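Input: a single structure, listed below in structure tokens.
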Amino acid sequence: MAIGHEVRLMPPAYVKAHVTRGKTDAADAEAVTRPTMRFVAVKSKVQQAVFMLHKTRDLLVRQRTMLINSLRGHLGEFGIVAPQGPAGVQAALKDLRGEDQDLPDLARAALGGLAEQLEHLGAEISRLVRLILNWHRRDETSRRLATIPGIGPITASAMAASASDPGLFRSGRQFAAWLGLTPRANSSGGKERQGGISKTGDSYLRRLLVVGATAVLRMARQRGREGWFGNLLERKKQKVARWPWPTNQLA
């Protein structure tokens, strides 16, 4: 691109259908000329870096969940049962460090290291979130996406960093298909059959959108079924209504 060439990125799944024998430059050139070929937008270095922040944060959050479950399970073996949630974790750490609990020294030494890692992960996750929020405030596309109900700075910045060129999608349904939120088609002989969602897109971004739709669903149940989302709930079950919501709002 720096020397004037037009670069087109093709999804590997689409290229594989055109590889008859060996993968060669000629086969790639044949695939790129197909009228139905779809391409992937080229991301900038900044967008790649922002999405790297999201992936790192997601990894650390999963590691923190593993540490919390481990601490809760090990303390439960000694009769220390903490309630669920962040407050329960803090109560478990307080019991671990307290002198009133009859814990062996070896158990305190083992669980103390897990507690230190948990605190370090919490601080690192907070630092990454601040970096994401700072980029979100400076990016116009991310700020506009955050105006959609149920989409906050985390989801908006992830969408702005992953879908760098919205012009590749002619409608919200195409964007939903790219995310893997549309039903998987298995039609033949004039009979149309649709199964569950394909889940072929980015699982991280899909999960963020579904969490946002769940939050909007919860608010709709509290305030009454009004507007577009209320009409959707009248026609579909709650779990089904969560899936098409985010991408229909982008149509």
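The values are calculated or read from the model by the stated rules, or taken from the named source; none is laboratory data. Treat the numbers as computed from the prediction; the structure is a model and nothing was measured. Note: ideal-geometry Cβ built from the backbone for every residue, glycine included; neighbour counts use all protein chains shown.
Table: residues versus (1) closer than 28 Å to residue 131 by Cβ; (2) out of contact with any helix residue (DSSP H, G or I) (no Cβ under 8 Å at 6 or more places or on another chain); (3) among the basic types (Lys, Arg).
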position	(1), (2), (3)
3	no, yes, no
11	no, yes, no
28	no, no, no
38	no, no, yes
59	yes, yes, no
68	yes, no, no
74	no, no, no
78	no, no, no
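Counting only residues that are more than 8 Å from the chain's Cα centre (by Cα) and closer than 18 Å to residue 155 by Cβ, the stretch 200-218 holds 10 of them. In summary, residue 68 fulfils each of the numbered conditions (1) of a type in the set (A, V, I, L, M); (2) farther than 19 Å from residue 111 by Cα; (3) modelled with pLDDT under 90 with the single exception of condition (2). Listed by position, the helices (runs of 4 or more DSSP H) inside the stretch 132-251 whose residues that are surrounded by 12 or more Cβ atoms within 10 Å (Cβ to Cβ) and modelled with pLDDT under 80 number at least 1 are 172-179, 203-223, 227-235, 238-242, 245-249. Checking 127, 137 one by one, the residue that is without any contact (Cβ under 8 Å) to a residue 60 or more places away in the chain, of a type in the set (D, E, K, R) and touching a helix residue (DSSP H, G or I) at 6+ places or on another chain (Cβ under 8 Å) is 137 and no other. Filtering the stretch 149-159 for residues that are in contact (Cβ under 8 Å) with a residue 24 or more places away in the chain, in contact with a His (Cβ under 7 Å, 6 or more places away or on another chain) and within 20 Å of residue 203 (Cα to Cα) leaves a non-empty set.
In the same structural domain as residue 70 (by TED's automatic domain parsing), in a helix (DSSP H, G or I), within 20 Å of residue 60 (Cβ to Cβ) and at pLDDT below 80: does that describe residue 128?
On the way: in the same structural domain as residue 70 (by TED's automatic domain parsing): yes; in a helix (DSSP H, G or I): yes; within 20 Å of residue 60 (Cβ to Cβ): yes; at pLDDT below 80: no.
Here the answer is no, as residue 128 does not meet what is asked.
Which is in contact (Cβ under 8 Å) with a residue 40 or more places away in the chain and in the same structural domain as residue 207 (by TED's automatic domain parsing), of 163, 176? Every option except 176 fails the conditions. The lone criterion from (1) among the hydrophobic types (A, V, I, L, M, F, W, C); (2) surrounded by 15 or more Cβ atoms within 10 Å (Cβ to Cβ); (3) under 30 Å from residue 8 (Cα atoms) left unmet by residue 42 is number (2).
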